[in-house]
1. Which of (1) over 15 Å from the mean Cα position of the chain (by Cα); (2) modelled with pLDDT of 90 or more; (3) more than 10 Å from chain C (Cβ to nearest Cβ) does B:A416 not meet, given it meets every other one?
2. Of the residues B:S369, B:S395, which is among the hydroxyl-bearing types (S, T, Y) and more than 22 Å from C:L160 (Cα to Cα)?
3. Can you pull out every residue in region B:238-252 that is surrounded by fewer than 24 Cβ atoms within 10 Å (Cβ to Cβ) and either more than 9 Å from every other protein chain (Cβ to nearest Cβ) or not small (G, A, S) (or both)?
4. Please tell me if B:T353 is of a type in the set (V, I, T), within 12 Å of chain C (Cβ to nearest Cβ), over 15 Å from B:L104 (Cβ atoms) and part of a loop (DSSP other than H, G, I, E, B).
5. Within region B:105-119, take every residue that is under 14 Å from B:G261 (Cβ atoms) and surrounded by fewer than 24 Cβ atoms within 10 Å (Cβ to Cβ) and give me the one that is nearest to the chain's Cα centre (by Cα).
6. Only one of B:M220, B:M173 is at pLDDT below 90, touching an Asp or Glu at 6+ places or on another chain (Cβ under 8 Å) and hydrophobic (A, V, I, L, M, F, W, C); which?
7. Is it true that A:R86 is basic (K, R), within 7 Å of another protein chain (Cβ to nearest Cβ) and either surrounded by fewer than 23 Cβ atoms within 10 Å (Cβ to Cβ) or farther than 25 Å from C:I159 by Cα (or both)?
8. Suppose the filter is in contact with a helix residue (DSSP H, G or I) (Cβ under 9 Å, 6 or more places away or on another chain), closer than 21 Å to A:C103 by Cα and within 9 Å of another protein chain (Cβ to nearest Cβ); does B:G65 pass it?
Amino acid sequence: MGLEEKLPSGILLTNLEKFVNYSRSKSLWPATFGLACCAIEMMAVGGPQHDISRFGMEVFRASPRQADLMIVAGRVSQKMAPVLRRIYDQMSDPKWVLSMGVCATSGGMFNNYALVQGVDHVVPVDMYVPGCPPRPEMLLDGIIKLHEKIAGQSFAEQGAH
Amino acid sequence: MSATDATWENDVFVSGADWEVVEDAVGDNTITVNMGPQHPSTHGVLRLILELNGEIVNDIKPVIGYLHTGIEKNAEYRTWVQGVTFFTRMDYLSPLFNETAYCLAVERLLGIEAPERAQAIRVILMEFNRIASHLVWAATGGMELGALTMMTMGFRERERILDLFESQTGLRMNHAFIRPGGLANDVTDDFEDRCRSLVAILRDKMNEYADLLLKNPIWMERTVDIGVLTAEDARAYGVTGPLLRAAGVEWDLRKAQPYCGYEQYDFDVVTEEAGDSYARFTLRLEEMRQSMRIIEQALDTLPGGPIMVEDKRIAWPSQLGIGSDGIGNDPSYIRHIMGESMEALINHFKLVTQGFPVPAGQVYQAVESPRGELGYAVTSAGTNRPWRVHVREPSFVNLQATNHMAAGHMVADVVAVVASIDPVMGGVDR
Amino acid sequence: METSYERLISLEDVERKVQERFPDLAADLRNDELTVFCKPVQVRDVLQYLSTDPDIQADWLIDLSGVHWPAGDHEIERQPSTTGWPTYRVSRDQGVIEVNYIVRSIAKNVYVRVAVQTPDEAPTVPSVTDLFPTANWHEREVFDFFGVEFEGHPDLQRILMPEDWVGHPQRKDYPLGGIDIPYKNDKFIPPPDERELREVVE
């Protein structure tokens, strides 16, 4: 049917959005941004047992300007919130935020004066991973789901961040 | 007053310009550089304000509080048992030490002592936790100084220890397993075998770390004579733990104020003379080996018996088995409270919803955590909730010595010094 | 540096020596722990004595913390009132903030708590940073959390809370904060979640 039949083997046709999103989702670079207990599990994900490089993500970028994904791993204090927002603003578009653990997601058990009750007060969040702290497998699951989400996004949605 | 609003009259602000432009603007003045709170090698959210004279660091001002969680205040609104859940999340690399120190303090106020079996299991878990914590220290410290292989190796073995913790406590981190009066649950039947095989693995791998780094010229270049802290300076700054022992002072609370039956075990308190970052590295390696000695002795003499005090006003049901629904329950206990005794049911209800009262008073209970003296200053007003719990965090105190240790070195050495202190920001900021 | 794993001086002896030197001080020996109560003006003398006396040598300031005991009948919020269990009530004419110093002697293997009480309306305690440099951050923390002014501290500013924070959060009159989490079928129905992105403060 149509053009595909006339093409030699080895050539695939797709649309630009799908192709770009495929690339984006398969080499998502996280920012090195650890806050609390969850950061240790995030590092464990980078370790040999769970090995995040299977998903093309082992390059934790020290500079937010080179990163696509901010994993908010841990509790966000009132003092940290402006810093966190600034790091988010420094990341180049398109960018995604994964809220790791219950403290980042909703404040969790620390419902008190010191913490921001959910990082979504400060930055828009694309994926929430529950747990205190989430197991590395849970984080990987969240990351895979985020990949699926990215693959299905339109450019307009990504630009809206 | 803040670090950022000193007198700015003669100051020049630059951000990422060419070096010539900066150099012209700066002239002979010192440069103030902000490092952190988001920085890959500051161990979390530590912020350091460095005053530089070229590459040499004149002055370091650590700024902390970016992870302040209000745990001490939150615990005042919860019962004594619930407090464990909060304090275990404080220093997240050594959760079992936090739990033990807190529980020992509460037990001292209550005038009770956990059964021998519970004490021995606490010791075994704590020593494994010490190894895990030191492994993370070696892993992150290695990563920050460019030894990335150490990072993968440290996390590889740490996973084994976390597997053990998970099989016994149900969680990889933040266990809330140690409770006032004993433990939340007894260990499994294969606990001893698991521990022994794990120790065998770790003992083998320990040589690997030593082979990798002990004589590594790059590693030595980065750590020898960097961040020297003498014993007298350590006293002035209140520095405890491996930093103090690396300065040649033999001081270990496990020997000085034995808790949980540490006096039964034969182990050496490791000391080094040099007091630099390299000495702290070798010392921690040897400490891990000593921890294994303690674990093996504790396993040899692991007593039987209960793991929770007898007093039903304090003891939670602790002989839990996992039912078909995946929820841990104690069938005989449930039979007792549901079928046999109304008073037992009332007691259980009160115990769970309101907890138990603790006699009024203050105690300060310290344990030797991987980072130094971890002390819990617990104040009770005689009720079912803590009036105030203050935690003397070794990371908080040790971090104060950063300026003393790193001033005069180069910028890159600041990373080595901070790594050798091994601060955990969750503990520093609480 | 000399250390000992044996306790070379008993707490009773420490208590006796302190009371010989400072006859007007009260001391309390409980839970295997000696507490010396003193007034703010004396605290430097007491700590100096404890650290220099050759029989005690408690020259390590290990911990410095605060406890707030507010005035009046104080009940903590959300406290369930039941019969047969103690209620959480403290009655005092004047609110105080108690500053606890814990000094340890590694030569004699003993530690002593020195407790200082200061009114919570204008709490002031002399700083001990010149005797123990480690007190610097501890005193800043107590200032941050309880508002205790340490006279003579070189750089008394907030340490853990943001610099523009109002109030001293670990005092008992400071609310816990956070946001209410209603349970299902609770009478209180939360407003629709209208979270907005905050402006970044430059």
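The values are calculated or read from the model by the stated rules, or taken from the named source; none is laboratory data. In this text, all values refer to a predicted model and were calculated from it rather than measured experimentally. As a convention, Cβ positions derive from the backbone with ideal geometry for all residues, glycine included, and neighbour counts pool all protein chains shown.
1. Unmet condition: (2).
2. Numbers: B:S395 fails: more than 22 Å from C:L160 (Cα to Cα).
Going through B:S369, B:S395 in turn, just one is among the hydroxyl-bearing types (S, T, Y) and more than 22 Å from C:L160 (Cα to Cα): B:S369.
3. Across region B:238-252, the qualifying residues are B:V249, B:E250.
4. Considered against the rule, which asks whether it is of a type in the set (V, I, T), within 12 Å of chain C (Cβ to nearest Cβ), over 15 Å from B:L104 (Cβ atoms) and part of a loop (DSSP other than H, G, I, E, B), B:T353 comes out as no.
5. Within region B:105-119, the subset under 14 Å from B:G261 (Cβ atoms) is B:107, B:113-119.
Okay, now just the ones that are also surrounded by fewer than 24 Cβ atoms within 10 Å (Cβ to Cβ), so B:107, B:113, B:115-117, B:119.
Values: B:E107: 21, B:E113: 23, B:P115: 24, B:E116: 24, B:R117: 23, B:Q119: 19 Å.
Here the residue is B:Q119.
6. Going through B:M220, B:M173 in turn, just one is at pLDDT below 90, touching an Asp or Glu at 6+ places or on another chain (Cβ under 8 Å) and hydrophobic (A, V, I, L, M, F, W, C): B:M173.
7. On the way: basic (K, R): yes; within 7 Å of another protein chain (Cβ to nearest Cβ): yes; either surrounded by fewer than 23 Cβ atoms within 10 Å (Cβ to Cβ) or farther than 25 Å from C:I159 by Cα (or both): yes.
In short, yes.
8. Spelling it out, B:G65 is indeed in contact with a helix residue (DSSP H, G or I) (Cβ under 9 Å, 6 or more places away or on another chain), closer than 21 Å to A:C103 by Cα and within 9 Å of another protein chain (Cβ to nearest Cβ).
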